[in-house]
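Each remark here refers to the structure printed beneath this line.
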Amino acid sequence: MDIRVYRPDELKAADRAAWTATQRAAPSYGSSQMANPFLSPEFAVAVGHGRRDARIAVIREGSPHGEPVSFFPYQRTATGVGRAIGLGLSDCQGLVHQPDFRWDAQELLAACGLAIWEFDHLAEGQTAFEPSVTETFPSPVMDVADGWDAYIGRLRKRSARGTRVRLAQERKLGQAAGEVRYVHDERDPAMLRTLMGWKSAQYRRTGRSDRFAHPWISRLVEELFHTRTESFAGLLSVLYAGGRPVAAHFGLRSEHVLSCWFTAYDAAFAKYSPGVSLHLRMARGAAEDGTAYLDLGRGQREHKDALKTRELSVSEGWVARRHPVALAHQARRAPARALRNTVVSRPELRRPADRLLKSVGRFRTWRSAS
């Protein structure tokens with residue numbers, strides 16, 4: 001096994017083409033998560049433009065001139081601490097590989113100069129990494145491969161009344177605000193800035209850390225918005241009412257998967273659940289585009305439970321070599337991760353935590369206004 005490490009921009013065109021071809025073929029042998037756009041070369045290259053620590057390991061069988069059989073995108077600190085590329089932003093992580101490929105995790109880390117590699121959205125089927133998993137979580141999806149009518153039919157079987165209410169919300173929005181219009185692929189950069197502004201306000205309002213306060217994340221999203229290849233696109237979808245934008249979503253699309261990422265709405269229309277109406281429109285648009293499913297991402301939220309048709313699994317953990325850097329990193333990160341997972345997984349703890357964060361958000365808003 002020959003392993004060579006590159007910066008994302010150094011990747012040869014032939015290797016990028018092989019990477020994309022591997023992703024395209026993955027659903028045909030039951031590895032649909034490997035077709036996720038967060039595992040694409042386009043995402044890795046875009047992260048590399050904002051993060052100097054981004055790397056890609058290209059694995060070939062036999063000689064350095066052989067055909068690539070696997071691609072491993074990651075980030076690495078000077079001390080050898082590794083992270084899944086885009087950790088904290090990426091909703092699907094791992095090694096993109098051909099069917100039946102087997103690798104040794106320790107050998108891979110050594111070749112990449114890593115003492116440890118941390119992940120929090122590891123895809124299913126990453127055999128060599130699975131012994132290092134510490135916890136696994138559901139990642140709900142909306143199946144649209146059979147078309148919009150089939151998707152809605154599945155929702156009605158689960159909850160006829162709930163589905164009827166959710167579909168009626170858009171009609172109520174139109175009655176209150178004017179004609180509703182949906183754009184599945186909005187190309188106006190001003191609307192992307194509107195979405196980012198809404199999302200920043202939501203982060204502050206709910207007491208969360210504002211991701212768009214980090215310039216490199218804003219630049220990453222803007223670059224992905226402008227990235228278009230045959231197999232990848234940054235997709236901005238917008239719901240308008242009375243000519244005014246009321247909800248928007250930006251995500252990443254591959255040929256097989258629309259990975260949902262940033263959703264926000266105008267708080268003035270909150271009572272009409274515009275985010276849910278937007279996702280339903282996105283499902284119809286994705287079905288018409290030939291997409292197999294929308295990946296709603298890890299996390300327990302009411303709208304995800306209402307819209308999902310099934311669940312995939314993603315995992316978190318770390319692969320570590322016998323190294324003091326690995327021990328130190330685990331000792332520092334493990335307690336905070338365990339506490340977060342305990343709170344998130346238990347409603348009796350999650351709800352008070354959400355209330356506390358919203359109180360923090362109100363205090364932030366008050367301070368910024370005074």
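The values are calculated or read from the model by the stated rules, or taken from the named source; none is laboratory data. Computed from a predicted structure; not experimentally measured. In this analysis, Cβ positions are derived from the backbone assuming ideal geometry, glycine residues included, and neighbour counts consider all displayed protein chains. With ligands, DNA and RNA removed, areas are computed over all heavy atoms of the protein, side chains included. Shrake-Rupley method; radii C 1.70, N 1.55, O 1.52, S 1.80 Å.
Numerical summary
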| read-out | value |
| --- | --- |
| Charge sum, other residues only, whose C-beta stays under 15 Å from G66's C-beta, Lys/Arg counted +1 and Asp/Glu -1 | -1 |
| Contact order relative to length of the stretch 206-256, as percent, for alpha carbon pairs under 8 angstrom and 6 or more apart | 26 percent |
| Estimated inter-spin distance, R164 and R208, nm [label 7 Å along Cα→Cβ] | 3.3 nm |
| Principal semi-axes in Å for the stretch 169-227 [√(5λ), Cα gyration tensor, largest first] | 26, 18, 7 |
| Choice from T309, T127, T20 showing the highest fluctuation, given a GNM over the chain with Cα pairs closer than 10 Å | T127 |
| Net length gained if the chain between E67 and A190 were fully extended (0.36 nm per residue, minus Cα distance) | 40.0 nm |
| Aspartates and glutamates with Cα under 15 Å of K199, excluding same-chain neighbours fewer than 8 positions away | D210, E222, D266 |
| Dipole magnitude of the chain, debye to nearest 20 (Cβ charges: Lys/Arg +1, Asp/Glu -1, about Cα centre) | 2000 debye |
| Accessible surface of L11 - all protein chains present, 1.4 Å probe, nearest 10 Å² | 20 Å² |
| Structure-based [θ]222 nm, the chain - -39500 (n - 2.57) summed over DSSP H runs of at least 4, per residue, nearest 500 | -13500 deg cm²/dmol |
| Rg over Rh [alpha-carbon atoms, Kirkwood Rh] for the stretch 163-301 | 0.95 |
| Solvent-accessible area per residue for the chain (1.4 angstrom probe, square angstrom) | 46 Å² |
| The stretch 155-273: relative contact order as a whole-number percent, Cα under 8 Å and 6+ apart | 27 percent |
| Overall form of the chain per C-alpha gyration tensor (a/c, 1.5; a/b vs b/c) | prolate |
| Gyration tensor (alpha-carbon) shape descriptor, the stretch 1-144, a/c threshold 1.5 | rounded |
| Three-way shape label, the stretch 128-214, alpha-carbon gyration tensor, a/c 1.5 | oblate |
| Relative contact order [Cα under 8 Å, 6+ residues apart], the chain, whole percent | 22 percent |
| Debye log10 I(q)/I(0) for the stretch 50-124, one point scatterer per Cα, at q = 0.23 Å⁻¹ | -1.14 |
| Low-density loop cleavage sites - GluC sites (Glu not before Pro) in the stretch 1-65, where at most 13 other Cβ are within 10 Å (DSSP) | E61 |
| Protein accessible area in the chain, 1.4 Å probe - carbon and sulfur % | 50 percent |
